[in-house]
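Asker: Below are the structure tokens for one structure; questions will follow.
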Amino acid sequence: MTNMWLPPEQYIETIARATSYACLYFTDTAGRPFQLRSHSDREVWQWPGGNLERGETPWEGARRECLEETGIDFQGPQRLLGVHFVPQREDWPANHIGFIFDGGALTDDQLARVRLTDEHTAWHVATVDEWRREMRPVDFARLEAINTARKAGTVAYLEGP
């Protein structure tokens with residue numbers, strides 16, 4: 001790379017590209033993580049969220065996706081729990097960066113009102129140890145790191161699938 005100034009349209013062609021997603025991490029009032037089962041892969045449990053739309057901030061995207069996928073119109077504070085970096089891979093042509101926000105604790109009444117779309121087949125709350133037995137190791141590691149960050153009041157940085 002030279003020290004020559006490039007117009008933004010040219011410069012952007014020289015740097016890494018990334019897509020991005022955002023989601024909300026909820027627990028129930030007993031502290032058990034809440035997750036949704038993917039319709040396309042029954043082994044995948046995930047948090048309400050998805051890819052950002054053009055011009056959307058991670059916070060806006062997390063709230064929009066949560067509302068679309070569960071019917072929960074989250075109005076709580078904007079608290080980041082983690083950032084997840086996934087390097088470019090064979091099945092995705094760019095890096096992928098995720099923002100995981102704290103959705104707080106859902107009451108039994110809120111859980112009873114969850115309405116799923118066709119993207120998910122079920123929702124479930126379980127203890128962290130119960131999730132360990134239910135999830136793929138790489139997915140569980142992400143859940144465990146985010147749960148730990150929430151309890152510690154820190155932000156997790158995660159790399160990998």
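Asker: Probe radius 1.4 Å, ligands and nucleic acids ignored: give me the carbon and sulfur share of the accessible area of the stretch 53-161 as a rounded percent.
Answerer: On the way: 3330 of 6350 Å².
Solvent-exposed carbon and sulfur of the stretch 53-161 make up 52 percent of the total.
Asker: To test your reading of the geometry: what angle, between 0 and 90 degrees and rounded to tens, separates the Cα axis of helix 58-70 from the longest principal axis of the chain?
Answerer: 40 degrees
Asker: Considering only DSSP beta bridges where both residues belong to the stretch 81-161, give the percentage that are antiparallel (nearest 5).
Answerer: Antiparallel bridges make up about 60 percent of those DSSP assigns within the stretch 81-161.
Asker: Also: Stretched out fully, how many nm does the piece from Ala30 to Ala141 gain, at 0.36 nm a residue minus the Cα gap? Show your work: numbers first, answer last.
Answerer: Values: separation 111, 0.36 × 111 = 39.96 nm, distance 2.07 nm.
Length difference between fully extended and current span is 37.9 nm.
Asker: Give me the one-decimal nm value for the distance between modelled label points at Asp41 and Glu90, 7 Å along each residue's Cα-to-Cβ direction.
Answerer: Between Asp41 and Glu90, the label points sit 1.4 nm apart.
Asker: Under a Cβ-only charge scheme (Lys and Arg +1, Asp and Glu -1), can you give me the dipole magnitude of the stretch 1-126 about the Cα centre, in debye to the nearest 20?
Answerer: Values: 11 positive and 19 negative charges, 50 e Å.
Result for the stretch 1-126 is approximately 240 debye, rounded to the nearest 20.
Asker: With every protein chain left in place and a probe of 1.4 Å, what is the accessible surface of Asp28, to the nearest 10 Å²?
Answerer: Asp28 has an accessible surface of roughly 10 Å² with all protein chains in place.
Asker: Moving to a separate point now. Can you give me the relative contact order of the stretch 11-66 as a percent, contacts being Cα pairs under 8 Å and 6 or more apart? Each step should come with its number before you reach the end.
Answerer: Working: 77 pairs, mean separation 20.9, N = 56.
Once divided by the residue count of the stretch 11-66, the mean separation gives 37 percent.
Asker: Next question. Before rounding to the nearest 500, sum -39500 (n - 2.57) across all DSSP H runs of length at least 4 in the chain and divide by the residue total; then give [θ] at 222 nm in deg cm²/dmol. Don't jump to the answer; show the numbers that get you there.
Answerer: On the way: 5 runs with 45 residues, N = 161.
After summing the helix terms and dividing by residue count, I get -8000 deg cm²/dmol.
Asker: Quote the relative contact order of the chain in percent (integer), defining contacts as alpha-carbon pairs under 8 Å separated by 6+ residues. If you can, show how the numbers build up before the last one.
Answerer: Details: 291 pairs, mean separation 48.0, N = 161.
In percent, rounded to a whole number, it is 30.
Asker: Which of Met4, His124, Ala94 sits closest to the plus end of the dipole of the chain, meaning its Cα is farthest towards the positive end, when Lys and Arg get +1 and Asp and Glu get -1 on the C-beta?
Answerer: His124
Asker: Using only Cα atoms and rounding to the nearest 10 degrees, what angle (0 to 90) does helix 137-152 make with the longest principal axis of the chain?
Answerer: The answer is roughly 80 degrees.
Asker: Taking 2.2 N^0.38 Å as the expected size of a compact globular protein, what ratio does the Cα radius of gyration of the chain give against it, to two decimals?
Answerer: On the way: Rg = 17.1 Å, N = 161, 2.2 N^0.38 = 15.2 Å.
So the Cα radius of gyration is 1.13 times the expected 2.2 N^0.38 Å.
Asker: Turning to a different aspect of this structure: Pick from Thr107, Thr117, Thr14 the residue whose mean-square fluctuation is largest in a GNM of the chain, springs joining Cα atoms under 10 Å.
Answerer: Residue with maximal mean-square fluctuation among Thr107, Thr117, Thr14: Thr14.
Asker: Now, a different point. For the chain, give the share of DSSP beta bridges that are antiparallel, in percent and rounded to the nearest 5; count only bridges with both residues there. List each step's numbers first, then the result.
Answerer: Details: 19 of 34 bridges.
Taking every DSSP beta bridge with both residues in the chain, the antiparallel ones total about 55 percent.
Asker: Quick one: dipole size for the stretch 1-44, taken about the Cα centre, charges +1 on Lys/Arg Cβ and -1 on Asp/Glu Cβ, in debye to the nearest 20.
Answerer: Details: 4 positive and 5 negative charges, 41 e Å.
The calculated dipole for the stretch 1-44 is roughly 200 debye.
Asker: So for the pair Val128, Glu159, with labels modelled 7 Å out along Cα→Cβ, what separation do we get in nm?
Answerer: Computed distance between label sites Val128 and Glu159 equals 2.3 nm.
Asker: To continue, here is another question. Among Ala112, Gly153, Cys23, which residue has its Cα furthest toward the positive end of the charge dipole of the chain, with +1 on Lys/Arg Cβ and -1 on Asp/Glu Cβ?
Answerer: Working it through, the farthest residue towards the positive pole turns out to be Gly153.
The values are calculated or read from the model by the stated rules, or taken from the named source; none is laboratory data. This one's a predicted model, so the numbers in the text were calculated from it and none came from an experiment. Don't worry about glycine lacking a Cβ; one is built from the backbone with ideal geometry, like all the others, and counts go over all protein chains shown. These accessible areas exclude ligands, DNA and RNA; they are computed on the full protein's heavy atoms, side chains included. Shrake-Rupley method; radii C 1.70, N 1.55, O 1.52, S 1.80 Å.
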